[in-house]
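Everything below concerns the one structure shown next.
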Amino acid sequence: MTLRTDTKTSTRKRENPALRAAAFMCSRSAGSTQVEAVLPRPRFHLDLWLSFTFQNWILDVGRPVVMLVLPADWLPLQHPGVADHLHFLYNVTAPLILLKMLERSPWMLPGLAVRLGIIAVSMGTTLHLVADSITRRLLLIGYQLHLPVRENPIMRNLKPSALVDVFELLFHYDDTVGHMMWYVPFFLVLVLFFNGCFSRREQEERMPPSAWMLLAPNAAYYWYLITEGQTFILFTFTFFAMTTTVMHQRRRGLFLNSDGLFMFYSSDPGGDLGGLSVERQHPEDDSPRTDLHPTALHRLHAPPPPDEPHMTELEREE
């Protein structure tokens, strides 16, 4: 009896670890299945893209519309106008929205790079604000945007002549320095956010109705940025980087989620329309681009430039 009891006890001791291991594996597999079932599906960041669309259309595209609707002398020229106040708000909201994009992106830059990028965006938009406000006032006295600075009639008669160099420096800050400091971090943040918009679930390749509603306004805004004449190259590199990322991630079995599809679909028609607009420009025309620049639209309210005095035949002979 004692021998049988010891044998049964030893058999239980040998079976218990095996049973425990089997039970542990079963519970683990069941738990993993349950975890996979309760994993949160990637959601569409409606609040982010709605704020992005509102900022772009009201505070950026809305400025030239305000210039066209409101008369030029509605406010004194020595005070900021309505378009200037919209630009003020854009300078505040643009860095905040870019920061929010970085917070929701798994691809986070070092803290120093984020701070430098936000400072660059703030400085670039501020330079554009100053130059755009001064240009709008120059248009009221006959300044012509399609002519270089030194060839404008009002600049020829400017005394002292060294002031022309000041205006050339101002427009250089706006067209080159300001736009680079503004748009390079802008498109870089878009690429970083896009790199985190991938999922292993192929069934996630769909967009909610809210994304389809915002698709056309965002595509039109990208077309506006391209045809403005300052972001075509940056946008082309951005779209090329997005396309390359999609091809690379598909080889790894990753697919775009709703945010990624929204960004990709809105960038594709914007790039196509912008490319067509750029191709229609005459290559022999070396004058500055003024397609959809806010100050260019304000020329409708600007008085015609003063006519240059015509020389008589006697004066020409002299």
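Bear in mind these aren't lab numbers, they're just calculated from the coordinates by the rules spelled out. Predicted model only: the values in this text are computed from it and were never measured. Virtual Cβ from ideal backbone geometry, glycine too; neighbours counted across all protein chains shown.
At a 10 angstrom cut-off on C-beta neighbours, averaged per residue, how do the peptides 77-83, 50-56 rank from highest to lowest?
Working: 77-83: 14.0, 50-56: 17.6.
Those peptides, ordered most packed to least, come out 50-56, 77-83.
Take Met67, Met213, Met101 and order them by how many other Cβ atoms sit within 10 Å, fewest up front.
Details: Met67 25, Met213 13, Met101 19.
Fewest to most other Cβ atoms nearby, the residues stand as Met213, Met101, Met67.
Restrict the search to the stretch 84-191; then list the trypsin sites (Lys or Arg not before Pro) that DSSP places in a loop and that have at most 14 other Cβ atoms within 10 Å of their Cβ.
On the way: sites: Lys100, Arg104, Arg115, Arg136, Arg137, Arg150, Arg156; in loops: Arg150.
In loop regions of the stretch 84-191 (DSSP not H, G, I, E or B), the sparsely surrounded trypsin sites (Lys or Arg not before Pro) are Arg150.
Provide the per-residue ³J(HN,Hα) series for the stretch 62-71, in order, calculated from phi with Karplus coefficients 6.51, -1.76, 1.60 and θ = phi - 60°, each as a whole number of Hz, with x at glycine and proline positions.
Result, ordered by residue: x, 5, x, 5, 5, 5, 6, 6, 7, x Hz.
Please give the contour-minus-distance gain from Ala162 to His85: 0.36 nm per residue of separation, less the Cα-Cα distance, rounded to one decimal in nm.
Working: separation 77, 0.36 × 77 = 27.72 nm, distance 3.10 nm.
Result for the pair: 24.6 nm of gain on full extension.
Along the charge dipole of the stretch 86-223, which of Asn195, Gln144, Val130 sits closest to the positive end, that is, farthest toward it, with unit charges on the beta carbon of Lys, Arg, Asp and Glu (+1, +1, -1, -1)?
Val130
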